[in-house]
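The next block holds one structure in the form of C-alpha cells; read it before the comments.
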Amino acid sequence: MSRASQRREVLRATAAERGLDAVLVTNLLNVRYLTGFTGSNGALLLRVDGRDLFGTDGRYTTQAGVQVPDVELLVDRATVPALAREAVRSGSGALPARRIGYESHDLTVDGLHGLERVLADAAAGGTVPELASVRRAVEAQRAVKDPDEIESLRRACAVADQALAELAAEGALRPGRTELEVGRELDARMLALGAEAPSFETIVATGANSAIPHHRPDQTELRSGDFLKLDFGATVEGYHSDMTRTLVLGQAADWQREVYALVAESQAAGRAALAVGADVVAVDAAARDVIVAAGHGDHFTHGLGHGVGLEIHEAPGIGQQGAGTLAAGMAVTVEPGVYLPGHGGVRIEDTLIVTGDAPELLTLTSKELLVL
C-alpha cells in the first residue's frame, strides 16, 4: 500500500467516525498529501466504501495517470461540481452519499452555495445530501510526518544550511552590500543546490531593520557593527525548511552579545521543552519565561514556533494562544526573538522533529554568535 493510500485510509476512518459517507477534498495541498498529485486543478472524492474518485481536467490526464494510478479518474474542467454529482449518483456498486464532508476553510461562501445547488440538481427531487464541515481533518493528519516526509525535510534543511555556509565562506555577507542583494544571492544559491524554490520570501534585515520581525529586504546597506538577521528556507519535494540566524558584522558591542546570549538561552529552553505530550502553551512559556525574567517580555512579540511541512506555517502552532499537545513525528520550529526598536533585534530559529527522546535537530548551522 502506498503512502498516499495509507493516508486516505486514515481519513476514511475519520469520516466513518463522523457519520459521513464521503469527503470532498478541495485544498490542493491536501489533495497532494492524499494522492501525490502536484497539478493546479485537482480534487478528491473519498468515499467511506472505498470507491474513491480523483478529478482533474484534460491538461493533467497524463500526469494524473502517473501520480495517481490507484484512484479512478474523472476528467472535467469543473472538477468539484463533477465530483459532487458523482457522490449523489448510484451505480457500479456505489450508493448515493447522504452526508458529505467538505473543507470549510478552503471553500468560499459562493463555492459552498454553488455546491449546494449542484447537489440539489443532482438529487433530482430526491433527498439532497447533507453537507458537513470536516474542518481541518487532513491538516491534523499532516501534522505528524511519516519517514518519507521527514527525509524530505532533512534535505530541505541541508540545502539551506549549505547555502548560508557557502555565502559566508565567500564573503558575500559584508558591509556595503544591500539587503536585497544578499537575499537574492541566498535564494539563487538554494536553487543551485537543488531547492525547488525558497520556502518563503527570504528575510534579510540589517541594523535597525533587524528589530522588525518580518522586515522585507530593501536597499539598506549592510554596515560594520550592525546585526544581520537572515530568516530563510528551501523547498525540496514540496517540503519547507525554516531557519533564522543573526550575525554581527565587524566588532560586536556588549549590548549585542547580551541580547544574543539571552535569545540563545531562551531558544535552548524551548528546544528542551519539545517532548511527546507537551502542551504547546507550556513549550512557549519555557522559552518566553527566560526573556520575561530578563525584562524583555515586551520585546518578544510573536509565538515561539509553528509546524512546517507542505506549508511553511501549519499545525501545530506553538504560542500563548496555541492549543493541543505535541506528538512524535511533528516537525516544528523554535524561534524566540528580542527586538529593540531603533537599535536591532535577534532571532534564532531551528526546525526540529519531535521524537520519543530528544528532538531531532534538522537545521545544523551553528548558533554561536558569528562575527564576520
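Odds and ends about this structure:
- Taking the stretch 262-284 as the range and being over 13 Å from Glu349 (Cα atoms), touching a helix residue (DSSP H, G or I) at 6+ places or on another chain (Cβ under 8 Å) and surrounded by fewer than 18 Cβ atoms within 10 Å (Cβ to Cβ) as the test, the residues that pass are Ala272, Ala282.
- When the strands (runs of 3 or more DSSP E) confined to the stretch 5-114 are screened for residues that are among the polar types (S, T, N, Q), those reaching at least 1 such residues are found at 53-56.
- Residue in the stretch 34-44 that is in the same structural domain as Val128 (by TED's automatic domain parsing), hydrophobic (A, V, I, L, M, F, W, C) and either over 21 Å from Ala137 (Cβ atoms) or touching a Phe, Trp or Tyr at 6+ places or on another chain (Cβ under 6 Å) (or both) present: yes
- Any hit, the stretch 169-185, residues being without any contact (Cβ under 8 Å) to a residue 24 or more places away in the chain, among the aliphatic types (A, V, I, L, M) and out of contact with any helix residue (DSSP H, G or I) (no Cβ under 8 Å at 6 or more places or on another chain): yes
- Criterion (under 18 Å from Arg347 (Cα atoms), in contact (Cβ under 8 Å) with a residue 60 or more places away in the chain, touching a Pro at 6+ places or on another chain (Cβ under 9 Å) and among the β-branched types (Val, Ile, Thr)) met by exactly one of Val334, Val259, Val308, Val290: Val334
- Counting the residues of the stretch 201-253 that are outside any strand (DSSP E or B) and either among the β-branched types (Val, Ile, Thr) or not assigned by TED's automatic domain parsing to the domain that holds Ala160 (or both) gives 3.
Residue-wise test of (1) surrounded by fewer than 18 Cβ atoms within 10 Å (Cβ to Cβ); (2) modelled with pLDDT of 95 or more; (3) at positive phi; (4) not small (Gly, Ala, Ser).
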{"site": "Arg8", "(1), (2), (3), (4)": "no, yes, no, yes"}
{"site": "Ala13", "(1), (2), (3), (4)": "yes, yes, no, no"}
{"site": "Arg18", "(1), (2), (3), (4)": "yes, yes, no, yes"}
{"site": "Val23", "(1), (2), (3), (4)": "no, yes, no, yes"}
{"site": "Thr26", "(1), (2), (3), (4)": "no, yes, no, yes"}
{"site": "Gly39", "(1), (2), (3), (4)": "yes, yes, no, no"}
{"site": "Gly42", "(1), (2), (3), (4)": "no, yes, no, no"}
{"site": "Leu45", "(1), (2), (3), (4)": "no, yes, no, yes"}
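The values are calculated or read from the model by the stated rules, or taken from the named source; none is laboratory data. Remember, it's a predicted structure, so these values are computed and weren't measured experimentally. Cβ coordinates were reconstructed from backbone atoms using ideal geometry, including for glycine residues, and neighbour counts include every protein chain displayed.
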